[in-house]
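Read through the structure below, which is laid out as structure tokens, and then see the notes.
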Amino acid sequence: MNYNQLVIAISDYTENTFGVADMNTFITQAEQRIYNTVQFPSLRANKTGLVTASNKYLSAPDDFLAVYSLATYPINGGDYTFLLNKDVNFIREAYPSPTSTGAPKYYALFGPTTTSGTPPVPTNELSFILGPTPDAAYNVELHYYYYPVSITVAASGQTWLGDNFDTVLLYGSLVEAYTYMKGEADLIGLYDTKYKEALALAKRLGDGMERQDAYRSGQYRQAVT
């Protein structure tokens, strides 16, 4: 189901015509609910970067939401070292001096990045702190959770969710639309039930079948029968 088909379906089901802004709000709110309930592989992103010697901070990508894994490897090639996630307090306690350098072993979400001005100004993006402080430059590879491009702004008018699980996207949008309309409670309840049924199937795929061979047990996995 592409964007135009989704808009027509929502209008037909609700027997109502909405402005573009309201329609897009219904859809994006539904997408956000779905993406925070089911961990589809399409929610994964991968980026590489660089940490420099004596700098223990690393800026997160602009679209970063949560970490799957963070690894370093030598500039000239070599083995990956996957860093262990810890609390900032742990890193501060283990490496109290910024001059204690070595190959990074741990990372933590530190807080907002700041500008380089005087005084520095916090931004909307997050940063990591590494422990110990890098003793040299290292390549880094980050696998992380993010929101994919919404179907409302996708250049092709299509997304993985719309192509593969349009039922959950449609019923999630209908719940948002009927809530906006202050529709009848029984009809809202019907669409909410249909949404939850579609969501259960989506979870079976995203958190079940697509996770059966996951190496890391820390990832959520739903049993599939």
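Quick look at the values:
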| quantity | calculated |
| --- | --- |
| Residue within segment 177-186 that is in contact with a helix residue (DSSP H, G or I) (Cβ under 6 Å, 6 or more places away or on another chain), at pLDDT 90 or above and in a helix (DSSP H, G or I) present | yes |
| Failed criterion for Q39 (all others in (1) free of Cβ contacts under 8 Å to residues at least 60 places away in the same chain; (2) part of a loop (DSSP other than H, G, I, E, B) hold) | (1) |
| Residue check, R204 at pLDDT below 90 and either in contact with a strand residue (DSSP E or B) (Cβ under 7 Å, 6 or more places away or on another chain) or not in a loop (DSSP other than H, G, I, E, B) (or both) | yes |
| Residues satisfying the stated conditions in segment 66-90, i.e. in contact (Cβ under 8 Å) with a residue 40 or more places away in the chain and either under 15 Å from S54 (Cα atoms) or among the polar types (S, T, N, Q) (or both) | S69, T72 |
| Filter pass, T101 being in contact with an Asp or Glu (Cβ under 6 Å, 6 or more places away or on another chain) and either farther than 30 Å from M23 by Cα or in contact (Cβ under 8 Å) with a residue 12 or more places away in the chain (or both) | yes |
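This table checks each residue for (1) among the aliphatic types (A, V, I, L, M); (2) at pLDDT 90 or above.
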residue: L84; (1), (2): yes, yes
residue: I91; (1), (2): yes, yes
residue: P119; (1), (2): no, no
residue: G131; (1), (2): no, yes
residue: N139; (1), (2): no, yes
residue: V153; (1), (2): yes, yes
residue: L161; (1), (2): yes, yes
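Yes/no per residue for (1) surrounded by 15 or more Cβ atoms within 10 Å (Cβ to Cβ); (2) within 26 Å of S127 (Cβ to Cβ); (3) within 24 Å of the chain's Cα centre (by Cα):
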residue	(1), (2), (3)
N4	no, no, no
E15	no, no, no
V20	no, no, no
F26	yes, no, yes
A30	yes, no, yes
K47	no, yes, yes
N55	no, yes, no
V67	yes, yes, yes
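The values are calculated or read from the model by the stated rules, or taken from the named source; none is laboratory data. The model shown is predicted, which means the values in this text are computed figures rather than measured ones. So basically every Cβ, Gly included, is an ideal-geometry build from the backbone, and we count neighbours across all protein chains shown.
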